1. For every helix of n ≥ 4 consecutive DSSP H residues, a contribution of -39,500 (n - 2.57) applies; sum these over the chain, divide by its total residues, and give [θ] at 222 nm rounded to the nearest 500 deg cm²/dmol.
2. Let's see if you can work this out: charge +1 on each Lys and Arg Cβ, -1 on each Asp and Glu Cβ, no other charges. What is the dipole magnitude of the chain about its Cα centre, in debye to the nearest 20?
3. Just to verify a number: FRET efficiency for Lys234 and Asn291, C-beta to C-beta distance, R0 = 60 Å, to 0.05?
4. Where the Cα atoms of the chain are projected onto their three principal axes, how long is each span, largest first, in whole Å?
5. Taking N as the number of residues in the range 233-337, what is its alpha-carbon radius of gyration divided by 2.2 N^0.38 Å?
6. In the range 74-175, what GluC sites (Glu not before Pro) fall in a loop by DSSP, with at most 15 other Cβ atoms inside 10 Å?
7. So if I place +1 on the C-beta of Lys and Arg and -1 on the C-beta of Asp and Glu, and nothing else carries charge, what would the dipole magnitude of the range 32-100 be about its Cα centre? I want it in debye, nearest 20.
8. When averaged across all projection directions, what area in nm² does the alpha-carbon convex hull of the range 215-274 cover?
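Any read-out appearing in this document is the output of simple, stated calculations on the displayed coordinates, not a laboratory observation. These numbers come from a predicted model, not from an experiment. All Cβ positions, glycine included, derive from the backbone under ideal geometry; neighbour counts span all protein chains shown.
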Amino acid sequence: MKKWIVFFTLIICLSFQSNTKAQVIWDGAEITKGQTGKLTFSKDVKIYKKNADGTFTSLVVKKGEFYRVYGHEYSTVGKVYKMSGGYRVQATNLVIYKDVPLAIQQQVAGEKFTVGTPIFSSSAKGVSIKEAPNSSAKTIMHTPYGAVFKVVELSGDYVKVEYNPRTDSTIDYVWGYVPQDYVSNLPEGTIQYVKDNVDVSVRPGWQSQSLKTGTSVAVYFTTADGRAYVSSNKIYGYLPASALSKTPIMDKELLSLAEPSNILFDATKKISLSQTAPDYYLAEFSPTASNRWQGYMQLVNDDEITGGKQLAGVLSYALVNNKLTYHLASEVHDHKITIQFPLKVNDTIYINGNEQKVTKIYEHLSLSITGSYETFNNVVMAGDYIIAKGLVKGRYDYWVQL
């Protein structure tokens, strides 16, 4: 009798276990199906949801508590996270967001692939995109090994994908079906480092992001034609595999600069100037002497050149007893920078009479001044200022030769 009781008890327990799906815990909390991220807040924040009648309901979420995220969207205020219950919250510095790893999302969903995530053609012969989810359907196009798709939906043994072709610049996107056996999730990336400034492209000729020397990227695979598929800061794309190093790229620091010539502007080149506060001015000064450039500073309003007020300006330098002084002069400018050479780390330079301590000097450094990264030589870091060969950059302005 006792044996039968034990037997039936075991059957009941096994039946209960088979019908109860185990929780998936990540970062200290249960992950639910469809969840893509997790939010906490650095202070109490009010969030909103839009009701069917056009009104809004608000809710105060507490500092330190976690909330599930089910994707994001973009609106006029920028990136907005989708929370449970229809609530939305803008991505600001009060929001602390973490992505749920793809493998965890797939474990919860019980699916091989996850909608909205990238997958790639892992077959050596590539894979054909079909108009319907079956092998006899018409082929839209054939894609090579390494083609990257975005998962749109799952359809039996097929995956509906969105594809951005690499070879036909007249086609923006293709939607169709590929068999699951011919595609894979991106493998775990190996960390490598950009050897020199380079652009990541979603396909050749399509710039997505400029990466500076030394940037770490996750490398997923390399195509037969020598392109590495990588990600950096949630941007995915291709770059030449030859542009990568398996060891970190370090910026060489210097203890001093001996001569003013180490940082002087080139007397034969124009200088571009920009100022954003208190007013926004743009200018291009042309050389008129070995130590002098001049031109007109154009006032800009609402991000558009007004065609109105222009200020005649002069940028010059003087060199006396190894003391270099830059001077920007116009109707509203009287800007002076004074540097004594030799210049060493912990020395002081003077910006309009105010002291700025030199904290670092680099032999070379990649900087984004006008929107893409460029490498500058003899880079001096002092307070809010960066001064280099062909560059002076403050908090609200820059003078640069590219």
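1. -2000 deg cm²/dmol
2. So the magnitude is around 1320 debye.
3. Once the sixth-power term is evaluated, E becomes 0.85.
4. For the chain, the Cα extents along the three principal axes come out at 106, 52, 49 Å.
5. Working it through for the range 233-337, the quotient is 1.51.
6. Working: sites: Glu111, Glu131, Glu153, Glu162; in loops: Glu111, Glu131.
Those satisfying the criteria are Glu111, Glu131.
7. Numbers: 13 positive and 5 negative charges, 27 e Å.
Computed about the Cα centre, the dipole is about 120 debye.
8. Values: hull surface 32.5 nm².
So the mean shadow area of the Cα hull is 8.1 nm².
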